[in-house]
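Values in this text are rule-based calculations from the coordinates and carry no lab data. Since we're looking at a predicted model, the values are computed, not measured. Using ideal geometry, Cβ is built from the backbone for each residue, glycine included, and neighbour counts are taken over all protein chains shown.
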Amino acid sequence: MRLGELSERSGVSIATIKYYLRERLLPPGRRVTATQAEYDESHLRRLRLVRAMIQVGRVPVATAREVLGHVDDESLGLTMRLGAATWALPQPTDEVGDDAAAAAARGTLDALLTELGWDTAREIGELSPVHRALVTAIATLNRLGFPLSLDELVPYARHMGEVAAHDLDLLETRPPGSEQVEAAVASAVLYDPLLLGLRRLAQEVESARRYGIS
């Protein structure tokens, strides 16, 4: 398809597509003349992902370029491509601190990983922004006087393990390679608010069931 059709099918203006091409968020099309190129379904899929990242996820252009660089890095195995791409997305604050609450949080998380047998997560450790964000969240709860014990955390983690397995089951329905990593990035941007919304909706329903609506 030519640029005009790509614009029409994606709903993205030609000027914006040209900007994404300049910023290397969208790979160049196949050159057919000195001034024209052809694009295919992979460009349409990538364009939709870029729009989701920037418009919905509020991901800065430079960060989006970094994420997409990991998506396309075929020198990495799938696990590392998935990790590198999603880690590059904006993360919650990771100002863990070094007080007693932070030390207790690290101990709680380490005990949780042992309980679940999540040895890979321990090997990755604080290289992962997700690990740091968890320590920060647990430490903050400790400081506020609302600590979560290991027994209270384990059910949450087990349910998240089931969610993760379902995520990857869905991912494996996609063609292997960049399209799978693109799907993982899209889910990181869009599924997180979806899952948060479902959790809050379920809390409303459960609260009404237990305590009534009045």
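Observations on the model:
- Whole-Å distance, taken between Cα centres, linking the stretch 19-67 and the stretch 192-214: 38 Å
- Rg to Rh quotient for the stretch 94-162, alpha carbon positions, Kirkwood Rh: 0.94
- Placing pseudo-labels 7 Å out from each Cα toward the beta carbon at V130 and T33 gives an inter-label distance of 4.8 nm.
- Comparing V32, V50, V163 in a Gaussian network model of the chain, where Cα atoms under 10 Å apart are tied by springs, the biggest mean-square fluctuation is seen for V32.
- The order of the peptides 4-14, 166-176 by mean Cβ neighbours within 10 Å, most packed first, is 4-14, 166-176.
- Gained length - A164 relative to E8, 0.36 nm times residue gap less alpha-carbon distance: 52.6 nm
- Distant alpha-carbon pairs in the chain (separation over 21 angstrom), percent: 64 percent
- Shape of the stretch 97-214, Cα gyration tensor, a/c cut at 1.5: oblate
- Distances between placed amide hydrogens fall under 5 Å for A37 paired with L3, V32, all partners being 5 or more residues away or on another chain.
- Size of electric dipole in the chain: Cβ of Lys, Arg +1 and of Asp, Glu -1, about Cα centre, debye, nearest 20: 960 debye
- Using the rule -39500 (n - 2.57) for each DSSP H run of four or more residues, divided by the residues of the chain, the 222 nm mean residue ellipticity is -22000 deg cm²/dmol.
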